[in-house]
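Colleague: Following this message is one structure expressed as C-alpha cells.
The values are calculated or read from the model by the stated rules, or taken from the named source; none is laboratory data. Keep in mind that this is a model prediction, so the values were computed, not measured. Ideal geometry is used to build each Cβ from the backbone, glycine not excepted, and the neighbour counts take in all protein chains shown. Please note that ligands, DNA and RNA were not included when accessible areas were found on the heavy atoms of the full protein model with its side chains. Shrake-Rupley method; radii C 1.70, N 1.55, O 1.52, S 1.80 Å.
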Amino acid sequence: QVAVYHCQMNSDLFACQMYCLGKYYNDAMLAIEMNYDYAPLQKLTEYLMYWNIYRREVVDNIEETTQMKYGFRTTTITRPLIISNLVATVRESIETFNDVDTLLEMLEFAKDKNGIPCANLVNQTTL
C-alpha cells in the first residue's frame, strides 16, 4: 500500500487526480472500478493518454472472441474472491498496510446475519 485517497468528486476531476497520482508514483498501474461510471476511464485513456491501466479479459461467447477492457468489475462472482484474497493478505501480511484508517475500515467489515460480507456492521442496529 503506497497511497490512500478518500474523496467524493465529479468523474472528470477524479480522473485528473488518478492521473496525477499515477504519474507521481512512476506511472503506477491504476485499477479503477467501472461498475457505475466509465467516465474516469474514458478520460484517462482518451484525453489524458494514461497507459498503465488495469485491463481484464472479456469473453464473447457468441462470437467466441476475447477482448481486453479497462477497469475492474465487482460482481456477485468476483466479490467473494476479492474479499477472500484481501482477508488472506491482511492475515498473512498486515505489515503491507500503512494506513490506520484503512485498517479501522476493515474492522467494520463483517458478515451479516445472512452470511453476506458487508461494511459498517459495527454501527448498524437491527430493527
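Colleague: Would you confirm whether any residue within region 1-10 is of a type outside the set (Gly, Ala, Ser), modelled with pLDDT under 90, over 30 Å from LYS111 (Cβ atoms) and open to solvent by 80 Å² or more (accessible area, probe 1.4 Å)?
Modeller: No, region 1-10 has no match at all.
Colleague: Looking at LYS113, LYS69, which is the one that is exposed (fewer than 13 other Cβ atoms within 10 Å of the Cβ) and basic (Lys, Arg)?
Modeller: LYS113
Colleague: Go through (1) surrounded by fewer than 10 Cβ atoms within 10 Å (Cβ to Cβ); (2) part of a helix (DSSP H, G or I); (3) without any contact (Cβ under 8 Å) to a residue 40 or more places away in the chain one by one and return the number of the condition ASP101 breaks.
Modeller: Single failed check for ASP101: (3).
Colleague: Related question: Any idea which of (1) part of a helix (DSSP H, G or I); (2) at pLDDT below 90 is the one LEU41 doesn't satisfy?
Modeller: So the condition that LEU41 fails would be (2).
Colleague: Six or more apart or on different chains, Cβ under 7 Å: which pairs go from a residue in region 64-89 that's part of a loop (DSSP other than H, G, I, E, B) to one that's open to solvent by 70 Å² or more (accessible area, probe 1.4 Å)? Could you list them?
Modeller: That search, which allows pairs on different chains as well, returns GLY71/GLU33; GLY71/TYR54; THR74/GLU33; THR74/ILE82.
Colleague: Based on what the data block shows, is ASP27 without any contact (Cβ under 8 Å) to a residue 60 or more places away in the chain, on the phi > 0 side of the Ramachandran plot and either charged (D, E, K, R) or outside any helix (DSSP H, G or I) (or both)?
Modeller: Yes, satisfied.
Colleague: So which residues in region 42-66 are open to solvent by 50 Å² or more (accessible area, probe 1.4 Å) and of a type in the set (Ser, Thr, Tyr)?
Modeller: TYR47, TYR54, THR65, THR66
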